[in-house]
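Working notes for the structure below.
The values are calculated or read from the model by the stated rules, or taken from the named source; none is laboratory data. Quick caveat, the model's predicted, so the values are computed rather than measured. Neighbour counts are summed over all protein chains in view; Cβ atoms, including those assigned to glycine, are modelled from backbone coordinates with ideal geometry.
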Amino acid sequence: MFNSVMILAGGKGTRFAEYTDKIPKPMILANGKPLLDHIISIYSKFNINNIVVLAGYKIEKIVEHYESSLNRVSKSENIFENNLNTKITVLDTGLETMTGGRLKLGAEYLNEENFYLTYGDGIANINLEDLTKFFIEENKIATVTAVRPPARFGSLEIENNIVTNFGEKDNTSSGWINGGFFVFKKQILDYLADSEDILETKPLELLAKQKQLSAFKHEGFWQPCDTIRELEILERAIESGLVN
């Protein structure tokens, strides 16, 4: 296992305006606990204890949360520690900075050659030991966790304008999508130029062309959180013990 994870938490979350006009999306509560803390718990469970939160939009709300719940260990920076010796650095990566630019800024706070990165609004019951083993075996610059898109609608099979099968909501026949939970070698920084870089476009597309991007297939629970309905699905999963 590697020791550090960066969490992308700086976007404006415009698709979830019911909440994000007041708080950043990673601070939305799921069963009384911010999404960000649920994600940190996933990594803490595997003893990954250097957390760098790549904040921007309404960063003060994230800082306020940790000011009230953790021990501040730096007067000059927003660095906090919990009672499990997990260090959480809340880094201001700017309001308009793109995902690649945020990663590049956050990497300055890491000494390791390999590290994790994920989004601040996606929760999974992922086994990080298996992910790390896969990354090491594949020996590529980057690994992305591939997940099935959550089923939103019932499926229809149609022949000659007649429904031949009316399926319940089912994602097993769907393709794979980017589920976050990345692992990177520090070489990823060579693919990032400035704050305008969107990680998911040119950098990852180029890595894919160079066959330097491997995909770890996660068949278990994964849930994004872009709408009230998706938040409700996540909360039910937490209540059922699917995730922390």
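So the values come out like this:
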{"read-out": "Residue list for region 135-149, restricted to those being part of a helix (DSSP H, G or I) and either crowded, with 17+ Cβ neighbours inside 10 Å or in contact with a His (Cβ under 6 Å, 6 or more places away or on another chain) (or both)", "value": "F135"}
{"read-out": "So L95, is it surrounded by 15 or more Cβ atoms within 10 Å (Cβ to Cβ), among the hydrophobic types (A, V, I, L, M, F, W, C) and touching a residue at least 40 places away in the same chain (Cβ under 8 Å)", "value": "no"}
{"read-out": "Sole residue being modelled with pLDDT of 95 or more and surrounded by 13 or more Cβ atoms within 10 Å (Cβ to Cβ), chosen from I23, I59", "value": "I59"}
{"read-out": "Checking V73 against (1) crowded, with 20+ Cβ neighbours inside 10 Å; (2) in contact with a strand residue (DSSP E or B) (Cβ under 6 Å, 6 or more places away or on another chain); (3) hydrophobic (A, V, I, L, M, F, W, C), the condition it does not meet", "value": "(1)"}
{"read-out": "Test: residue in region 41-52 that is at pLDDT 95 or above, in a strand (DSSP E or B), of a type in the set (A, V, I, L, M, F, W, C) and under 12 Å from V5 (Cα atoms)", "value": "yes"}
{"read-out": "Index of the failed condition, F115 passing every other in (1) among the aromatic types (F, W, Y); (2) surrounded by fewer than 22 Cβ atoms within 10 Å (Cβ to Cβ); (3) in contact (Cβ under 8 Å) with a residue 60 or more places away in the chain", "value": "(2)"}
{"read-out": "Complete set of residues in region 87-120 that are of a type outside the set (D, E), part of a loop (DSSP other than H, G, I, E, B) and within 17 Å of P24 (Cβ to Cβ)", "value": "T93, G94, L95, T97, M98, G120"}
{"read-out": "Single unsatisfied condition, L84 versus (1) part of a loop (DSSP other than H, G, I, E, B); (2) hydrophobic (A, V, I, L, M, F, W, C); (3) without any contact (Cβ under 8 Å) to a residue 24 or more places away in the chain", "value": "(3)"}
